[in-house]
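Worksheet: the structure to be examined is printed underneath.
The values are calculated or read from the model by the stated rules, or taken from the named source; none is laboratory data. None of the values given here were measured: they were computed from a predicted structure. As a convention, Cβ positions derive from the backbone with ideal geometry for all residues, glycine included, and neighbour counts pool all protein chains shown.
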Amino acid sequence: MARLPTIAARRARLRLGSAAEERAAELLRSAGCLILARNFRCRMGELDIVARRGRVLIIAEVRLRSSERFGGAAASISRAKRTRIARATRYLLLREPALADLAVRFDALLLRERAGPIEWIEGAFQVPLA
């Protein structure tokens, strides 16, 4: 039987994830992106980082993995996860019509270690928004 993580373990994991998202947001800022939202949540899903650079709306999925055991950070963006990201993006665009005129790009910011380099994959995946 699988053991459930303790409250302390869950909190530690949340802190690691939050720190990874902060590092990813800082990388985007340093590349000239304006961060519009972090952890945008709706019933359809969650968007880690929503940013804008010029006429491009960047939906950035941040993934932190401690090992490559199950395929690593990039492999963890499953088809179901991409579907939830697409649904949340559609909702965001309906809620914020000014963003609907921008080209949308789905990026992945992958971290293997807390302090290690960030791999930024622009256009990491495509999902239909129509």
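Points worth noting:
- The set of residues in region 80-130 that are surrounded by fewer than 17 Cβ atoms within 10 Å (Cβ to Cβ) and among the polar types (S, T, N, Q) comprises Thr83, Gln126.
- Long-range neighbours under 9 Å by Cβ, at least six apart or interchain, first residue on the phi > 0 side of the Ramachandran plot within region 21-39, second in a helix (DSSP H, G or I) and buried (at least 16 other Cβ atoms within 10 Å of the Cβ): Asn39/Glu21
- Figure legend. Inter-residue proximity from region 88-110: first residues of a type in the set (Val, Ile, Thr), second residues in a helix (DSSP H, G or I) and surrounded by 15 or more Cβ atoms within 10 Å (Cβ to Cβ), beta-carbon distance below 7 Å, spacing 6+ or different chains. Indicated pairs: Val104/Thr89.
- Look at (1) modelled with pLDDT under 95; (2) in contact with an Asp or Glu (Cβ under 6 Å, 6 or more places away or on another chain) and you find that Asp48 fails only one, number (1).
- Note on region 103-130: among residues that are closer than 23 Å to Arg29 by Cα and among the β-branched types (Val, Ile, Thr), the one that is modelled with the highest pLDDT is Val104.
- Qualifying position, being acidic (Asp, Glu) and either touching a His at 6+ places or on another chain (Cβ under 9 Å) or part of a helix (DSSP H, G or I) (or both), among Glu46, Glu22: Glu22
- Residues that are closer than 14 Å to Phe125 by Cα and not in a helix (DSSP H, G or I) were ranked within region 64-102; the one that is modelled with the lowest pLDDT is Ser76.
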